[in-house]
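A short write-up of the structure that comes next.
The values are calculated or read from the model by the stated rules, or taken from the named source; none is laboratory data. If you're wondering where the values come from, they're calculated on a predicted model, not measured in any experiment. FYI the Cβ positions are ideal-geometry reconstructions off the backbone, even for glycines, and counts take in every protein chain you see.
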Ligand code: PRX
């Protein structure tokens, strides 16, 4: 879909502003808008000098770099000539500084089993496992697929690879054997690390069985290491498969970290692309490590006494950057949880926060909307007074969900960092610095230091205030992807061709008069009604602000008269769907946005189709709305879970 120079119309009229409390700001590293602006201006006045100093001060170097940045468009190199090791920065640096006894993870399995691991414990386990990997014959640069539940051995496996220069590719534990085989083959992985099973909603997911099916179709994989987690039946293949506990049993806990070149690949992470074939996003060593660490410290205003809980799975970029590499480089103490948020009851998250006195919670809008639907009484049972900061990631957070999160979970005292970023960006790009930048519900606010966003119209000129355009990043940054595994042409085409010399994010955004950014959804998700371009998130936010609505997804469908008509899919809290409610919702949108945005079709559904990471699959809904898949009577309650299953592997 094209973008007009005037950009996409802004119809969301959110005017609430929440400055940080005196109490929060007084303890924050950046405690005023002036402090943020001075840091930001310093960073952009000379971007290379800024990152050079950051890298010298915040990364341990075996050998210092000689050149901060080399740009052979669109291929970037940061901190050229330097040698470092990410696992060293995450572990040895703390142990050597006498901080090895600090808790790295308070881990809780879904059935309720618990483990506490200090930084020294993780260091020891990583060294033993690295030694075992070497014994299997793996060499620097080899690719290793990891398909595991959320147990401490998952970050341990990632760090063990990083320690000896193996490139990991973590595959989310919910993926099918097809998806695993595709990723193994694309990366030509030599090893798969998995487990017998993992717990999810009281049941064992038989990971080894799925892994075995995948291995039948993965000729490059020579070995499979299996962690014993659930003790279910796991068929082991002689000569190929080994148990984790057997191969580490006699290994030494001494394994020096391999000095890695700044630009050596650290990991590949597969994400969906427009063609359906997953893209292996490639991140490298020093720039990624620095970016994950500093953005973690800035955005979460991290302090030694914090207990940080990022609820993402390590199979997503959020888990890579804000469970493993960012927080561990900063020596944070974290909570790690294996299972579902509604097991055994729908208050499991609140119970965990109370038990470990979590002070920073980082979760996704899809989870927040589920909590709202499940009801406040689950929250009311628990003491959440340890929380001081909340975060959101993965999708836009609708202002009403923001308000609930702020009031009900944060007790009105915790700022919310709405963090905008992508697998490709390696770390957070826009977010409030919580002690400095007042929040506006639904806005990711301002760019982080060194990040220069711009919203462009079809004519490639910057759009005016409050007009939406293609969100691009004008200057390279250390955490950026370095390419798509094995496909430089696709990397160039996808991110660097439509807009010369800019990284194209694929999202639309607008900037308001205060310089705050508002993400308007993916470029392809724009709805064009009678020549007015609306963003999906705005229509959805209006619907979610109605008391009966839990979630909403808006898409365009072809309409002879208007070009596109608006079709919305709505899930309800505790209401019965009927004609009266349908009319009430139309009226509500008219009041909130205006006649232009009133949905033509409203379909009630018990659930929305989502990607495995929780994003609503608007592409699929567009097909349904335009009648491409016969779904029968549009006014009945539909259950999309089957459709979601069919498509989710492709979309990841
Ligand atoms: O569309 C944006 C949306 O998620 C996309 C990136 O997805 P992924 O690579 O899976 O990474 C998710 C975790 C960083 C973006 O292009 N997105 C992510 N965060 C936000 C968001 N949209 C609006 N607001 C956000 N805070």
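Please go through (1) surrounded by 24 or more Cβ atoms within 10 Å (Cβ to Cβ); (2) at negative phi for residue 426 and return the number of the only condition it doesn't satisfy.
Failing condition for residue 426: (2).
Anything in segment 18-33 that is within 26 Å of the chain's Cα centre (by Cα) and either at pLDDT below 95 or outside any loop (DSSP other than H, G, I, E, B) (or both)? List them, or say none.
Those that are within 26 Å of the chain's Cα centre (by Cα) and either at pLDDT below 95 or outside any loop (DSSP other than H, G, I, E, B) (or both): 18, 24.
Of the residues 180, 167, 225, which single one is crowded, with 24+ Cβ neighbours inside 10 Å, assigned by TED's automatic domain parsing to the domain that holds residue 131, within 23 Å of residue 125 (Cβ to Cβ) and in contact with a helix residue (DSSP H, G or I) (Cβ under 8 Å, 6 or more places away or on another chain)?
225
I'd like to check something: does segment 199-207 contain any residue that is under 15 Å from residue 138 (Cβ atoms), at pLDDT 95 or above and crowded, with 22+ Cβ neighbours inside 10 Å? Before you say what the answer is, go through the steps one by one.
Restricting attention to segment 199-207, the residues satisfying the condition of being under 15 Å from residue 138 (Cβ atoms) are none.
No, segment 199-207 has no match at all.
Please indicate, with yes or no, whether at least one residue in segment 436-444 is within 14 Å of the ligand (Cβ to nearest atom), buried (at least 23 other Cβ atoms within 10 Å of the Cβ) and under 26 Å from residue 78 (Cβ atoms).
Checked against the condition, which is being within 14 Å of the ligand (Cβ to nearest atom), buried (at least 23 other Cβ atoms within 10 Å of the Cβ) and under 26 Å from residue 78 (Cβ atoms), segment 436-444 yields at least one hit.
Would you please name the residue that is surrounded by the fewest Cβ atoms within 10 Å (Cβ to Cβ), looking only at residues in segment 401-423 that are over 12 Å from the mean Cα position of the chain (by Cα) and in a loop (DSSP other than H, G, I, E, B)?
412
Restricting the search to segment 57-81, which residues are exposed (fewer than 15 other Cβ atoms within 10 Å of the Cβ) and under 19 Å from residue 298 (Cβ atoms)?
57 - this is the single residue of segment 57-81 that is exposed (fewer than 15 other Cβ atoms within 10 Å of the Cβ) and under 19 Å from residue 298 (Cβ atoms).
Would you point out which residue out of 612, 619 is closer than 30 Å to residue 270 by Cα, within 16 Å of the ligand (Cβ to nearest atom), in a loop (DSSP other than H, G, I, E, B) and touching a residue at least 12 places away in the same chain (Cβ under 8 Å)?
Result: 612 is the single residue among 612, 619 that is closer than 30 Å to residue 270 by Cα, within 16 Å of the ligand (Cβ to nearest atom), in a loop (DSSP other than H, G, I, E, B) and touching a residue at least 12 places away in the same chain (Cβ under 8 Å).
Here is a list of conditions, (1) crowded, with 20+ Cβ neighbours inside 10 Å; (2) under 27 Å from residue 174 (Cβ atoms); (3) within 11 Å of the ligand (Cβ to nearest atom), and residue 332 meets all of them except one; can you say which number that is?
All conditions pass for residue 332, except number (3).
Pick from segment 528-558 the residues that are assigned to a strand (DSSP E or B), more than 21 Å from the chain's Cα centre (by Cα) and farther than 16 Å from residue 586 by Cβ: which of them is nearest to the ligand (Cβ to nearest atom)?
Among those residues, the one meeting the criterion is 555.
Of all residues in segment 301-329 being in a strand (DSSP E or B) and crowded, with 22+ Cβ neighbours inside 10 Å, which is nearest to the ligand (Cβ to nearest atom)?
By that ranking, first place goes to 310.
Residues checked against (1) part of a helix (DSSP H, G or I); (2) more than 30 Å from residue 351 (Cβ to Cβ):
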residue: 61; (1), (2): no, yes
residue: 88; (1), (2): yes, yes
residue: 100; (1), (2): no, no
residue: 127; (1), (2): yes, yes
residue: 137; (1), (2): no, yes
residue: 154; (1), (2): yes, no
residue: 172; (1), (2): no, no
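Residues that are crowded, with 23+ Cβ neighbours inside 10 Å and over 29 Å from residue 277 (Cα atoms): does segment 475-488 have at least one?
No, the conditions are met nowhere in segment 475-488.
For residue 524, which of the numbered conditions (1) within 21 Å of the chain's Cα centre (by Cα); (2) at pLDDT below 95; (3) more than 15 Å from the ligand (Cβ to nearest atom) fails to hold?
Among (1) within 21 Å of the chain's Cα centre (by Cα); (2) at pLDDT below 95; (3) more than 15 Å from the ligand (Cβ to nearest atom), residue 524 violates only (3).
Look at residue 504 and say whether it is farther than 22 Å from residue 402 by Cβ, away from the ligand (no atom under 16 Å from the Cβ) and either in contact with a helix residue (DSSP H, G or I) (Cβ under 6 Å, 6 or more places away or on another chain) or assigned to a loop (DSSP other than H, G, I, E, B) (or both).
No.
Looking at (1) surrounded by fewer than 19 Cβ atoms within 10 Å (Cβ to Cβ); (2) out of contact with any strand residue (DSSP E or B) (no Cβ under 8 Å at 6 or more places or on another chain), can you tell me which one residue 541 breaks?
In the conditions (1) surrounded by fewer than 19 Cβ atoms within 10 Å (Cβ to Cβ); (2) out of contact with any strand residue (DSSP E or B) (no Cβ under 8 Å at 6 or more places or on another chain), residue 541 misses (1) alone.
Can you tell me which residue is farthest from the ligand (Cβ to nearest atom) among those in segment 380-394 that are closer than 25 Å to residue 553 by Cβ and surrounded by fewer than 24 Cβ atoms within 10 Å (Cβ to Cβ)?
Selected residue: 390.
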